1. State the number of residues belonging to segment A:336-367 that are part of a helix (DSSP H, G or I) and either surrounded by 20 or more Cβ atoms within 10 Å (Cβ to Cβ) or of a type in the set (D, E, K, R) (or both).
2. Please determine, by comparing only the residues of segment A:123-145 that are away from chain B (no Cβ under 13 Å) and out of contact with any Lys or Arg (no Cβ under 6 Å at 6 or more places or on another chain), which one is nearest to residue B:118 (Cα to Cα).
3. Looking at the structure I just gave you, is residue A:109 touching a residue at least 40 places away in the same chain (Cβ under 8 Å) and either out of contact with any strand residue (DSSP E or B) (no Cβ under 9 Å at 6 or more places or on another chain) or within 14 Å of another protein chain (Cβ to nearest Cβ) (or both)?
4. Can you report the number of residues in segment A:237-266 which are under 28 Å from the mean Cα position of the chain (by Cα) and either of a type in the set (Phe, Trp, Tyr) or modelled with pLDDT under 85 (or both)?
5. I'd like the residue in segment A:198-241 that is of a type in the set (Lys, Arg) and assigned to a helix (DSSP H, G or I) and, out of all such residues, is farthest from the other protein chains (Cβ to nearest Cβ).
6. Among the listed residues B:418, B:482, B:469, identify the single one that is of a type outside the set (A, V, I, L, M), within 14 Å of another protein chain (Cβ to nearest Cβ), part of a helix (DSSP H, G or I) and under 30 Å from residue B:89 (Cβ atoms).
7. When residue A:161 is evaluated against the numbered criteria (1) surrounded by fewer than 18 Cβ atoms within 10 Å (Cβ to Cβ); (2) farther than 20 Å from residue A:120 by Cα; (3) in contact with a helix residue (DSSP H, G or I) (Cβ under 9 Å, 6 or more places away or on another chain), which criterion, by number, is the only one it fails?
8. Among the residues of segment A:107-140, which ones are assigned to a helix (DSSP H, G or I) and over 14 Å from the mean Cα position of the chain (by Cα)?
Amino acid sequence: MRKFVVAALLAAGVAALASAALGSTKSPARVSSAGSALVTCGKTRTIGLAAPITGPAAAIGNQQVRWAKYYVKRWNAQKANKNKQIKVISGDTQLGVDTAFAVKVAKSFASNSKLLGVVGPAGSQEVVASTSSYKRAGLGYVSGSATRTTLTDGHTDGNRRGYFFRTVPNDGAQAPVVANWMTKKLKWKRVYIIDDQETYSQGLADGVQKILRARGVKVTRDSISQNDSDFSSKIAKIPSNTQGIYIPWQLAPQAQTFGQQLKAAGKGKIKLFGSDGLFAPGVWKIAGSYDSAFPYNPTDPAVKTYIKAHKGNGEFFGLPSYVAAQVVVGAVTKACADGKATRAEVRKAIAKTNLKTSILGFPVRFVKSGEMRAPATFGVFQIQSNGSFKRIG
Amino acid sequence: MSESTPGIPGSGGQIGIDTWVEQADERIERRGGLAGRITRIWERIPAAGKLALLTPAILVPFLPLVSEGNLFNYGIFILIYALLALGLNVVVGFAGLLDLGYVAFFGFGAYTYAFLSGTHGNKGHTYTHHWDAQWSILMAVLICAVLGLFLGSSSRRLLGDYLAIVTLFFGQAFVVFTNAADPYGITNGSNGLANVAPLTFFGGHFTISSTRGYYWFLLGCVMVVMVILYCISESRTGRAWKASREDPLAAELMGMPVNRLKIMAFSIGAAIAGLAGSVFAAAQTGAFPQNFGTQVLILIYAVVILGGTGSLTGMLVGAIVIIASNQVLDSTSPPNVARVLFYVALIAAVYFTMRRSWVKMLIAFAGTAVFGLVVHAIVDAVWSRGTAGHVTSGGFLTGVIRHWVLLPTNPGRLAVYGYLLMIVCVVAVVQLKGWWRLIVLVPTLYLTAFVWENLLVQNPAVTRYVLFGALLIAVMTIRPQGLFGTAKVEIG
Amino acid sequence: MNSTLGQRLGNLSGLALALVAFMFYAVYLSPTQGWTFFFQLTVNGIILGSLYALIALGYTMVYGILKLLNFAHGDVYMIGSFIGFGVLTLLGGPLNPAIPVALLVTCMFVVAMLGSGLLGLAIERFAYRPLRDAPRIAPLISALGVAFFLENSALLLFGSQFRNYDGFDLISYNGIHLGGDNGVFVQYLGVIVIVGAVVLMLALLGLVRWTRLGKAMRAVSFDREGAAMMGIDPDRVIAATFFIGSALAGAAGVMFGLLFSQIYHLMGFLAGLKGFTAAVVGGIGSIPGAMLGGILVGLIESWAKGYLNGNVSDLVVFGILIGVMLVRPSGLLGTPALQKV
C-alpha cells in the first residue's frame, strides 16, 4: 500500500514538473508584453528611484535621493502640474553590499504595473546586473552616476540601448580631466593607482593609467576590495617618495580609513586624488585631497536654493539625479498626454528628450547609445581643512 | 501462556513478543489536552498521507489569487528554501553533523548553472555556453555532490565542533573565491553572473521563463525530493544515519561504516542544494556572490530548527512560516502587513506567557492599554514634541497608534535607548515569576510597541534578521526539537 | 597519541626550514624586496597579532571550561568597538576632547571592557546556561542565533554606514622611525596597543595562576562535577570566565578602532574567525597557546598581504587552520584530547 502511495506521489511530482514546462510555452509572451501594457495615467503618475539609501555608499546615495525628490517636489508644486502629479517609489539598492539588491529593486519596480520609468541605479555594476530585469519589463532607466564607459557601447557588458540613459558624462571624459590635472597642474611624476576591483573603478583606473604612462609618469598599480579595512600592508608597499595616490573608489568611508592609515604610517605627505564616487563631504575629510566630480552650473537658481537649504553643502554628487528625474518626469508626462501610456512610449520619449537648459550648465539631449550629446567635462575639487569641497578647476 | 512474575518487567505476555517494544508507545511522553489529541492523530497518518494533505495547503493560497510579484516573492522563495532545508536536514537532522558551510553548495549550484547557461565575459575572456537546462542542472547537482564528498571526507578526523569550523571556512572560502580569486573571469568577481538564460529543456522545446512556470517546477522538485528522502530515511541507510547521530562510537561498534555514512550525508545534502541553486539562478536570471552569504545560512537553519530536525514535513512548514515572515518584513513591502503581524505576535506572546491564568492575561491586556493611554496623555501634556511624530504608513491602525504610542518627532537616540531598555525588560520578565512578572510585563509591552513604531518598523529588513536570531536562541532553549521533530533525551 | 621526540624534532625542523625559505623569498626574490619592507610587515603583524591574541583568549577560556565554541565572541568584539566609538564621540572626539587625551582613551577602554563583559554575561545566562546538558549541537546553534542577533541589532541601532574613529594627532600620526626616515615606522598607538595587550595577558595569567578564582576556573575546566562537589559554584565561575573573556574582546575592539579606524556591524565575523584560528593553532584550552597563536596568525596574515595578492591572504590563514586541524588537532601548545568511550 505504502509503495503504491509513494509511487503515486512521485508520479504527481513529475506531472507537476511536466506541466510547468508545457504550461509555460504558452506564456512567455506575457513577460515581454509588460513593456507594451497600456496604463491609465490618471492624476498621479509613478516613477521609481533606485539608489543606495543604506549601506556603505549611503552617503552618496542619499544625495541622489534628495536631489531627485527635490526636482519632483518642485514639479508637483507648480500649478500647471496639478493634474500631472508625480509619485516616487524608492528602492534601496545598497551599493557596496550586494548587487543582488539592485536586481531585486528592478524586479519589484517591474512588477508594479503603474510604474512607468526609473531614475537610477547608481553604480555601474548595478546597471549591468539589473539590465535584463529592466529590459524584460520594458522599463527605461536613467542613471545620474553610472559612468563606466562600456555601459553604452552595446556589446561589452550587454546591450541596453534604448533602455539605459545617463545624465552624466562617462569615464572616458573623466579620466583625461584627472590625468591632465595631475600632469599639468600638479606636475606629478610618481603616481600610485589603487582601484577597488569594481567595474566603475577599474575602468577609471585603466583610463588614467594609460594617459599617465603615455606622458612618461611612473605609475604603479594595485587594488583593494570593498570589504577591506586593514590597508597597512598595502600602504607599506607604497614608496615614501610617491607624490600622489589615485583612488577611484565608490565607498567614501573606505577612502577616509585609507587616508587615516596612510597618515598613521608616516606617509601623510602623499596626496590623495579621488573620483566622483567619493564626493561625500563630512565622510571623506582628509584635508588637501583632490576629487573629480560631475559638472554643474553654479549660477542656476535651483542649485543656489538647494545649497542654501542644505546649509552650504551642495551635495553635487546627487545633482545629475535631479536632471535624470527631470528627464523621466518629462517623458512620462509626454507619454501620458493622451491619458494612457505604455512603458515603451516612455522609453521613446526619454530618447527624444530635448532640454534647452539644465542645471548641468548645458542642454540635455541623448544620442542613440544613451549618452548625452553635449561635450560635458568634470570639475576638480579640493577638500578644505573644514571638510568642505571647494572647486578649483 | 501469559504468566507474569511480579517484580520482573515484561514478564507478562506471550512468547515471541517483546513486551518492551510493544509497550513503547506508553512510555513516550505525550502532551495533554486538545493539542495532544491532534498530535496523536497527526502522528498516525503515514508520511505519504501527510504530504498529500499538505500539498493542497500550499497550492490553494497561491494560485491564481496572487499577483506575479507576490508569487515570485513568496511562492518561489518558500519552495527554494524548503528544498534547501530538506537538504540541510539530511546533514543535520538525519546524520547529526553541523554543517555551517552549506550555503556554499547552494552557491556552487547556482554558479555552475549560470556559467553553463549564459554569456559571460570578463577580463578579456568571453564564455558563451547555452547548455540545455537538463544538462546544466545535472552538472550542477553532480559537481555539488562531488564537492560534498570532498568536504565530507575531510570530516573523517574531526569531531563535532571542529567539523563546524571547517565547514564554516568552506563557506567562507566560496565567497572569497567568487569575489576575488578568478583570474580568468569565470566568476566575474563581486558583480556576479548576470546574463543567465531561463530553463530551456530539450533544445528549446520546453522553456520555463514565467514565474508561474518556475513555481510549478519547484513544487514538483520539492515533492520528488521529499519522496526520495522519505524512502531513504526509512531504509537501512536512514536508520544507520540516525544511529550514528546518536552515538557514533556505538554505531561503529555495531558494524555501521560511520565515515562512509557521513560522506554520503554530506554528498546528498550538497546535491539537493545544487538543485536548488540552479533553479534559483534561473529564476533570478543571475547569480551574485552575496546571495550565498551568512544571512541565507541563518535563514536555512531557522527553517530547519523551527521545523524540527529530522522531520520532512517540518521543513515545509518551517519554510512557509519563516520565509513568509521574511518576505513580509522586506523593505519593499508595505509596513501595514508587518504591523498587523507584529501586534498579533505580541498578543500571542502574552497568551503563551500568561496562559495558565485567564485573569492575569486579561489584566495584562487591559493594563497595557490603560498604561499606554495614561503615559501618552502625561507626555502629551508635559512635552508636546514627544507625541507629535507621524505613524509610518499606518493604514487602518493609524488612529489607534497615534493616541496610544509615544511618537517623538525625532526618535533617534530615544529609540536606541528604548531598544536597549526593552531587552533588559524582556530579560527581567523571563526571570521573574508570579505577580511580579505581570507587573513588569505591562510596561514592557508598551515599550515594545514604542520601539516597534519608532525604530523597527522603519527598518523591517533588518528587524526580521534580529527576530530570526532571537528565534534560533528561543527555539533551542525552549523546545529544541522544533515543531515537528522528536524530542531527544540525553542519557548519562 | 603522544608524538615522540623524534617526531617533534621533525615537525620543528620542517617549520624552521619553511621559515628560512620564506625569509629568503621575502628578502631576495619577491618583487617588493628589502629588509625594510619585511620589518615593517613584521611590526604590523605583531600589532595585528596582539589584537587576535586578545580575541583568541576569550575563545580559549570559554572552550576550556565549557567545551563550547562561542560564535558570538566576534560580535562582542564588534560591540566593544562601537561602545568605544560612542564614548569617543560623546566626549568630543579627538579634535576637541572634553578631557585630556590620556584620560579619554582610558575611559574608552574601561567603558568598552565593562560593556562587553556585561554583554558576555548576558549571553551566557540566556543562550548557553539552559543548554548546559543538551546535545553538543544545541549550544552551537544557539551561538549562531546570538551572533546573528547581535550583528543585526547593531545594524538596526547604529545604521549601516561605516563609522570611522577619527585619529588622535599625537598617538595615531606620530611615532618612532626605526632606521632613519625611510625605515620602519611605528606609530605610538601601535606601541600602546602592544604594551596594553601584553599587560592584559600578563594580568590574565596572574589571575589564572595565583588567585582563588583562577584555581576555581582551572578546576571547573578539568571536571565540572568534581569541582561542584568541592564547593565551587560552577555557574559563578563560568559567568566570571565569560565576563573576563568578553572584556578582553571589548578591549581588542577599541584597539582595532583606534588603529584601523573603520568599524561596521560585520567586522566581528572575520575577526572572530581569525581569533578562533589563533586559538586553535595555539592549542585550544591553553592560555599561552592563544597568545602565541594570535601573534602567529597576525604575522602570517601581514606577510601574506604583503607578498601575495591581498585577497588570497584570508584563504592562506584559513588554509593554515585547516592544515593544523588535520595534522595536529591539539595545536602547538595544547594537550592531545583523549576520547572517552
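The values are calculated or read from the model by the stated rules, or taken from the named source; none is laboratory data. On a predicted model such as this, the values are computed, not experimentally measured, just so you know. With ideal geometry, Cβ positions are generated from the backbone for all residues, glycine too; neighbour counts draw on all protein chains shown.
1. The total comes to 9.
2. Among them, the one singled out is A:141.
3. yes
4. 3
5. A:213
6. Details: B:418 fails: under 30 Å from residue B:89 (Cβ atoms); B:482 fails: part of a helix (DSSP H, G or I).
Of the residues listed, the single one that is of a type outside the set (A, V, I, L, M), within 14 Å of another protein chain (Cβ to nearest Cβ), part of a helix (DSSP H, G or I) and under 30 Å from residue B:89 (Cβ atoms) is B:469.
7. Evaluating residue A:161 over (1) surrounded by fewer than 18 Cβ atoms within 10 Å (Cβ to Cβ); (2) farther than 20 Å from residue A:120 by Cα; (3) in contact with a helix residue (DSSP H, G or I) (Cβ under 9 Å, 6 or more places away or on another chain) leaves (2) as the failure.
8. A:107, A:108, A:109, A:110, A:111, A:132, A:133, A:134, A:135, A:136, A:137
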